[in-house]
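Since the structure comes first, as structure tokens, the remarks are kept for the end.
Rule-based calculations on the coordinates, nothing more; no lab input. Keep in mind that this is a model prediction, so the values were computed, not measured. All Cβ positions, even for glycine, are placed from backbone atoms using ideal geometry, and neighbour counts span all protein chains on display.
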Amino acid sequence: MFFSPDSPIYQYILKSGLRNHPILERLNDVSMKHPCAMAATPDEVGFFQLLLQLINAKKVIEIGVFTGYTTLGMAMALPDDGKVVALDINNEFTDIALPFWKEANVEHKIDLKLQPALDSLNQLIANGESGTFDFIFIDADKTNYSNYYEKSLQLLKQNGIIAVDNTLWSGRVADPSINDASTQAIRQVNETILHDDRVQLSMLTLADGVTLVRKK
């Protein structure tokens, strides 16, 4: 995040820049108090909600669920017959989400798959769902980002959108002295997207960097 969560400007954004549902607020509080604290930011989730409604999305994939905060926000934004295919491997995290999804009456919109995300993506492809998804959010293990990106492009419909999270990685991508595996993987996917003539892109400074990709 490029504004400190406690900064006056970010607090102003939270108060004046989005309408956050009370159930979302409570799940965000739980997520941020978790020792891992990997959830998206409220302004990021609010942006996705608006974006999903702008593109009339009905089929969404989320790669990396954690405590289901973004999942909940996206499910709330979808029509009643919409679906979020939520991919994770850790039910310890996702079990936190379940009562919130139920309370918000969106659990019927969420198809939670607990196995390696690449296995789930390959199953969707094998089931004939290539080219059918409106929106895909990538926010899981960084070293697989390039693999997730390629599978997501295959599953995305024309004019669909991929949102790739953490593409600025707290500024580490711009520091040549930092070369751990996750930082290098994010640099690699950023470079791939930049030169990929199958898509249009816009890298945003929202949250920890979000790159939006439109499939031509």
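Is there a residue in the range 50-61 that is among the aliphatic types (A, V, I, L, M) and out of contact with any Phe, Trp or Tyr (no Cβ under 8 Å at 6 or more places or on another chain)?
Kept after step one, since they are among the aliphatic types (A, V, I, L, M), are these residues of the range 50-61: 50-52, 54-55, 57, 60-61.
Subset that is out of contact with any Phe, Trp or Tyr (no Cβ under 8 Å at 6 or more places or on another chain): 50, 54.
Yes, because at least one residue in the range 50-61 is among the aliphatic types (A, V, I, L, M) and out of contact with any Phe, Trp or Tyr (no Cβ under 8 Å at 6 or more places or on another chain).
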**OP:** Name the one entry in Ala163, Ala185, Ala140 that is part of a strand (DSSP E or B), surrounded by 14 or more Cβ atoms within 10 Å (Cβ to Cβ) and among the small types (Gly, Ala, Ser).
**Re:** Ala163
**OP:** Please tell me if Pro79 is surrounded by fewer than 18 Cβ atoms within 10 Å (Cβ to Cβ), free of Cβ contacts under 8 Å to residues at least 24 places away in the same chain and either farther than 23 Å from Asp208 by Cβ or within 18 Å of the chain's Cα centre (by Cα) (or both).
**Re:** yes
**OP:** For the range 50-76, name all the residues that are surrounded by 22 or more Cβ atoms within 10 Å (Cβ to Cβ), in a helix (DSSP H, G or I) and of a type outside the set (Gly, Ala, Ser).
**Re:** Leu52, Tyr69, Thr70, Thr71, Leu72, Met74
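For (1) over 18 Å from Glu62 (Cα atoms); (2) aliphatic (A, V, I, L, M); (3) in contact with a strand residue (DSSP E or B) (Cβ under 6 Å, 6 or more places away or on another chain), each residue gets a yes or a no:
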residue	(1), (2), (3)
Lys151	no, no, no
Ala163	no, yes, yes
Leu168	yes, yes, no
Ala181	yes, yes, no
Gln184	yes, no, no
Glu191	yes, no, no
His195	yes, no, no
Asp208	no, no, no
Leu212	no, yes, yes
